[in-house]
1. Roughly how many Å² of Asp404 are accessible to a 1.4 Å probe, to the nearest 10?
2. Starting from the exponent 0.38 and prefactor 2.2 Å, build the expected Rg for the chain from its residue count and divide its actual Cα Rg by it.
3. Go through 132-139, 373-380 and give me the packing order, highest mean Cβ count within 10 Å leading.
4. How many percent of all Cα-Cα pairs in the stretch 1-120 sit more than 24 Å apart?
5. Loop-only check: which chymotrypsin sites (Phe, Trp or Tyr not before Pro) in the stretch 54-106 are DSSP coil with at most 15 other Cβ within 10 angstrom?
6. Which of the trypsin sites (Lys or Arg not before Pro) found in the stretch 190-276 are in a DSSP loop and have at most 15 neighbouring Cβ atoms, other than their own, within 10 Å?
7. Rank Thr287, Thr200, His324 by how far each Cα sits towards the positive end of the charge dipole of the chain (+1 on Lys, Arg Cβ; -1 on Asp, Glu Cβ) and give me just the farthest.
8. So, with +1 on the Cβ of K and R and -1 on the Cβ of D and E, and no other charges, what is the size of the charge dipole of the stretch 165-315 about its Cα centre, to the nearest 20 debye?
Amino acid sequence: MADNTNLHIAVVGAGPGGYAAAFLAADLGVKVTLIDPELNPGGVCLYRGCIPSKALLHVAKLIEESHQSKNWGIEFADPKIDLNKLRTWKEGVVTRLTGGLGQLSKQRKVQYVQGKAAFENSNMLRVTKAGGGEEKMTFDRIILATGSRPALIPTLKLDSPRMLDSTGALNLKDIPKTLLVVGGGYIGLELGSVYAALGTRVTVVEMLPGILPGADRDLVLPLHKRLEKMFDGILLNTTEKSLKEESGGIRATFEGADVKEKEKVFEKVLVSVGRKPNSEIDGLNKTKVKVGPKGFIQVNKQLQTDDPAIYAIGDVVGEPMLAHKASHEGRTAVEAIIGRKVAFEPHAIPAVVFTDPEIAWAGLTETQAKESGREITVAKFPWGASGRAITLDRPEGMTKLIIDSKTERILGVGIVGVGAGDLIAEGVLAIEMAALAGDLELTIHPHPTLSETVMQAAEVFFGTSTDMYRPKRA
Ligand SMILES: Cc1cc2nc3c(=O)[nH]c(=O)nc-3n(C[C@H](O)[C@H](O)[C@H](O)COP(=O)(O)OP(=O)(O)OC[C@H]3O[C@@H](n4cnc5c(N)ncnc54)[C@H](O)[C@@H]3O)c2cc1C
């Protein structure tokens, strides 16, 4: 291994991008300083994003399943919710994981500084420490991993405890009787599902014609159908015009061709309309780093900014704003810094919506593949023909393959159904390894599992599905 011991790098921000970068750098012998305002590494993902939301979604799924069990002759009493205990459990999950990262950081001898960093110049940071005091520190290279924060719509800004962003919603202060979720993206739907399971009457308002804009419609449909039953309403083609506080709640005004009820009062409102990169870093103008029109820091395939001493990774450099993208970019940036010939150019970055059912996709969607001008074949395996899905009483799922018609190469995989988030990993591997439909078809999958549906979709492509009759391809 090359000697990297003379190199000292700083990582600003200890989210999944920052701590993955810092830990790899330390493993490769580099001296590392990791700077973040929180007590331990974790960032948005662990403190107020992926992890607390998934802990609560687990509870939501359990409650929903307890309702469904009536169909199988098992009846549970309505759940008694001890909100303090639920909150404590969720916080315990966060503390356990962030504390674990703190330990890993110490074991690797990463210098963890609890504070906020600003630039003095391209190689020097001024760190305002959480415990008080400032320190100037010099580094050979700096990796920016400052992440993102909830986006705000100026017209919907309201200074009221009834207004929530994703962080406020995860704090779970109470269970409101009614909740309006502004924005039908994944964060709004996940958090809306949590509150609906806990007993809140949830309404989602989305200005576009469908929830989860950008996701494949075949995948969205089963989720939409289930959410329609869980939620009070899903208002599409509807713009949230204004929010005004009054004694009993917040009066929301709606506008749009499909609007039936022009205004309604809600106990709480969650605004979840996307995320903004944290690129307004103090003193960044003293460096050569360039920020693009949407606020993302501009980087090349090595994650290097226009300033040769500074790299940037994660949410602050662009979409998709996902934890696993941030971590992989972090590792690539470190390898580039130590001189390895690397580039961040994945064929597939999986995206998962952790609702019930889950939606997951990787590679090209059907629409993207068609837009790229390729000749494609779409193979769909409906879970109504999956033994495992039937045993779970969840036949609404579907596994979909987007296949290059000429080469038979897998270009994209989309899954909707329980556990889709775990199942998609096989699709990611297939795309990255340039697998052909025949590879998936010939790979023996365990029975009875939902993973079989990937193989079964490949069988559909060849017109030789054991579990479904489909006319053969021309
Ligand atoms: C409710 C919710 C649910 C989500 N669920 C998922 C999911 O299931 N799966 C998924 O992949 N993604 C999910 N995400 C997105 C995920 O959290 C982000 O993509 C991920 O955290 C980005 O990682 P990052 O390292 O770029 O930055 P972040 O995790 O945003 O961390 C950045 C850190 O930098 C710190 N920082 C900022 N400025 C400075 C400074 N000047 N000095 C020092 N420190 C600074 C911040 O305080 C923060 O701790 C979710 C997000 C939310 C809000």
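The values are calculated or read from the model by the stated rules, or taken from the named source; none is laboratory data. Quick caveat: nothing in here was measured; it's all calculated off a predicted structure. Cβ: placed from backbone, ideal geometry, glycine included. Neighbour counts: every protein chain shown. The protein model used for the area step is the full one, side chains on, heavy atoms only, and it has no ligands, DNA or RNA in it. Shrake-Rupley method; radii C 1.70, N 1.55, O 1.52, S 1.80 Å.
1. 30
2. Rounded to two decimals, the normalised Rg is 1.05.
3. 373-380, 132-139
4. 45
5. Counting only loop positions with at most 15 other Cβ atoms within 10 Å, the chymotrypsin sites (Phe, Trp or Tyr not before Pro) in the stretch 54-106 are Phe76.
6. Loop-located and lightly packed - Lys260, Lys262.
7. Sorting the options by dipole projection puts first Thr287.
8. Dipole magnitude for the stretch 165-315 comes out near 80 debye.
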